[in-house]
Amino acid sequence: MNAAAAQALGDHARRQITDQILPFWLPHSIDRTHGGFLFCRDEDGTVIDTDKPVWIHGRFVWLLSVLYCEMQQNPQWLEAARQGLDFLNTFGVDRRDGNREGRFFFRLDQRGRGLIKRKRYLFSECFAVAANAAFSRASGEERYLAEALRCLATIERYRTTPGLLEPKVDPQVRPVKGLALPMIMVWVLQELRLADPRNAPDYTRRIDREIDEIQGFLSFEHCAVLEILGAKGEILDHFEGRTLNPGHALEAAWFILREASLTAPGPRRDALIRQGLTMAEWMWQRGWDDEYGGFFYFRDLFGRSATEYWHDMKFWWPQNEAALAALYAWKLSGEPRWYERFARVLSWQEEHFIDPLHGEWYGYLHRDGSISSRIKGNMFKGPFHIPRMYHAIATVTGDHLREPG
């Protein structure tokens, strides 16, 4: 990529954030009465549910804070992030029983009353860490970093204390471990390290432990990244054990490649590049739909029939993560095929998901790329994966412009 192409790509990515994505959400989604955001929106932005997803509050606060730090010091973004984070920290935590748990809900009603707490997962907590850390960096207020560290301590307590985290299946019958938590923790710790550089070596050590755990999910025999393993690292020949999620594995791959890009030349960087490139190559081969384009949602490890009914649908976020995996793979390997893959998947998703009339993206397509649902926001889709992709594209192209040659 020459300098002119890098500049054009970076400018395109920034315009998508400022002109296509954020205007759909700000200021219309700010709940001026109860605080926080109203994310559940139809094609034209109409609110179709007033319940509030906790983890998307964390995601949007993180996004606005990072954009404020790294793209444009827009006071509207900082103020929106502040009110969203104050709502999250006030109402997101389950404060019953004297707040002994410190766990976050998954879903609140409009006033902030808890509706659902997903006891098997720690994702609301993970995004609360990222939100508080990023806002601390944006605002310079240490109390938000302290809250991020409190949330991190809760995550670690639930991860390391037997019996606290509700298992997916009975551990007495079939003990399992999953890719999801070590994967997201790599990103969470990277964000904490940015906000708390005084303790960077400790965060880096923690990141290395998470990446070492992810390494165990690589099957070199089958050239695949597993989602679930037996507790001893064995492949489970059951629906869950055979299910591959290409978008999820590609997300893990680019987190690892991002870590490599932040690492000085040496054995650690080389090992990270090898691991990230291996994961990206395997799951690109597993996930890309040669007939219609785009990435499948699920695949079966052994090529058997997939069990989930949406296995061949094209959701928005796997395409976003695939683009970033390919972009970082190109940045670190220099291999033209990775840039070709990046350009291919970016073009495909922009052609099929973008709504030029109302802004934002549709989220759910049939396999052939036709629209399945016109909804723009729900309990799972909000302003996160798409603008995070564009922000990372702008960052990588900016790095390219600064590097010699």
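Per DSSP H run of at least 4 residues, take -39500 (n - 2.57); add these up for the chain, divide by its residues and hand me the 222 nm value, nearest 500 deg cm²/dmol. Please list the in-between numbers first.
Values: 14 runs with 214 residues, N = 405.
Counting only the DSSP helices, I get -17500 deg cm²/dmol.
Output wanted: per-residue J couplings in Hz (rounded whole) for the stretch 290-299, from phi through Karplus 6.51 cos²θ - 1.76 cosθ + 1.60, θ = phi - 60°, x for Gly and Pro.
5, 7, 10, x, x, 9, 5, 7, 10, 9
What Kirkwood Rh does the stretch 270-319 have if only Cα atoms enter the pairwise 1/r average? Answer in Å.
Values: mean 1/r = 0.0829 Å⁻¹.
Here the Kirkwood hydrodynamic radius works out to 12.1 Å.
Label points 7 Å out from Cα along the Cβ direction at residue 291 and residue 111: separation in nm?
5.1 nm
Dipole size in debye (nearest 20) for the chain around its Cα centre, Lys and Arg Cβ +1, Asp and Glu Cβ -1?
Working: 51 positive and 54 negative charges, 214 e Å.
In debye, rounded to 20, the chain gives about 1020.
Taking N as the number of residues in the stretch 135-230, what is its Cα Rg relative to 2.2 N^0.38 Å?
1.28
Have a look at 231, 392, 323 and tell me which one the Gaussian network model of the chain (Cα, springs below 10 Å) gives the largest fluctuation.
Answer for the Gaussian network model of the chain: 231.
What share of all Cα pairs of the stretch 18-83, in percent, falls into each consecutive 10 Å distance bin?
Reading the bins upward from 0: 21, 56, 22, 1.
On the first, second and third principal axes, largest extent first, how far apart are the outermost C-alpha atoms of the chain in Å?
Here the Cα extents, ordered largest to smallest, are 57, 51, 46 Å.
What fraction of the Cα pairs in the stretch 210-364, stated in percent, has a spacing above 22 angstrom?
Every Cα pair in the stretch 210-364 considered, those over 22 Å come to 42 percent.
Calculate, in nm to one decimal, what residue 50 and residue 220 gain on full extension: separation in residues at 0.36 nm each, minus their alpha carbon distance.
56.6 nm
Quick one: if you stick a label point 7 Å off each Cα along the C-beta vector at residue 2 and residue 354, how many nm between them?
Taking the simple label geometry, residue 2 and residue 354 are separated by 2.4 nm.
Quote the FRET efficiency, to the nearest 0.05, computed for residue 150 versus residue 174 with a Förster distance R0 of 35 Å and r equal to the Cβ-Cβ distance.
Using R0 = 35 Å, I get an efficiency of 0.55.
Of 36, 56, 6, which is farthest towards the positive pole of the stretch 1-57's charge dipole, taken about the Cα centre with +1 and -1 on the beta-carbons of Lys, Arg and Asp, Glu respectively?
Looking along the dipole axis, the top candidate is 6.
Taking the Cβ of residue 260 as the center, what net charge do the other residues with Cβ under 11 Å away carry, scoring Lys and Arg +1 and Asp and Glu -1? Write out the running numbers ahead of the final one.
Details: positive: 258, 268, 269, 274, 331; negative: 259, 270.
Spelling it out: positives minus negatives among the neighbours equals +3.
Assuming R0 = 51 Å, can you tell me the calculated FRET efficiency for the pair residue 274 and residue 141, based on Cβ-Cβ distance, to the nearest 0.05? The partial results should precede the final answer.
Numbers: r = 40 Å, r/R0 = 0.78.
E between residue 274 and residue 141, to the nearest 0.05, is 0.80.
Could I have the simple spin-label model distance between residue 370 and residue 157, label points 7 Å from Cα toward Cβ, reported in nm to one decimal?
For the pair residue 370/residue 157, the computed spacing is 5.2 nm.
Work out from phi, with θ = phi - 60° and the Karplus expression 6.51 cos²θ - 1.76 cosθ + 1.60, the ³J(HN,Hα) of each residue of the stretch 23-37, listed in order in whole Hz, and give x for Gly and Pro.
x, 5, 9, 10, x, 4, 8, 6, 7, 6, 8, 10, x, x, 10
In whole Å, what three semi-axes, largest first, describe the equivalent ellipsoid of the stretch 282-405 built from its Cα gyration tensor (square root of 5 times each eigenvalue)?
25, 20, 12
Using only the alpha-carbon atoms, what does the stretch 1-44 span along each of its principal axes? Please give whole angstrom values in decreasing order.
Answer, in whole Å and largest first: 49, 20, 12 Å.
Quick check: residue separation of residue 380 and residue 213 times 0.36 nm, minus the Cα distance between them. What number comes out in nm? It would help to have the intermediate numbers written out before the result.
Values: separation 167, 0.36 × 167 = 60.12 nm, distance 2.62 nm.
This chain segment gains 57.5 nm when fully extended.
Which one, 329, 342, 356, is farthest towards the positive end of the dipole of the stretch 302-359 when Lys and Arg carry +1 and Asp and Glu -1 on their Cβ?
Of 329, 342, 356, it is 329.
Give the long-range amide H neighbours of residue 176: residues separated by 5 or more places, or on another chain, with amide H under 5 Å away, using H modelled in the peptide plane at 1.01 Å from N.
231
In straight Cα distance, which aspartates and glutamates are under 13 Å from residue 52, not counting same-chain residues fewer than 8 positions off?
31, 109
Within the stretch 68-91, which residues have the backbone N less than 14 Å from the label spot 7 Å out from residue 32 along Cα→beta-carbon, could you tell me?
Nothing falls inside the zone, counting backbone N under 14 Å.
Just to check I understand the Karplus step: with θ = phi - 60° and J = 6.51 cos²θ - 1.76 cosθ + 1.60, what whole-Hz values come out for the stretch 337-353, glycine and proline as x?
4, 6, 5, 4, 5, 4, 4, 5, 6, 5, 4, 4, 6, 5, 5, 9, 9
So between residue 95 and residue 118, what do we pick up on full extension, going 0.36 nm a residue minus the alpha carbon distance?
6.7 nm
Read the figures in this text as sums done on the coordinates, not as results from a lab. Quantities reported herein were computed from a predicted structural model and do not represent experimental measurements. Don't worry about glycine lacking a Cβ; one is built from the backbone with ideal geometry, like all the others, and counts go over all protein chains shown.
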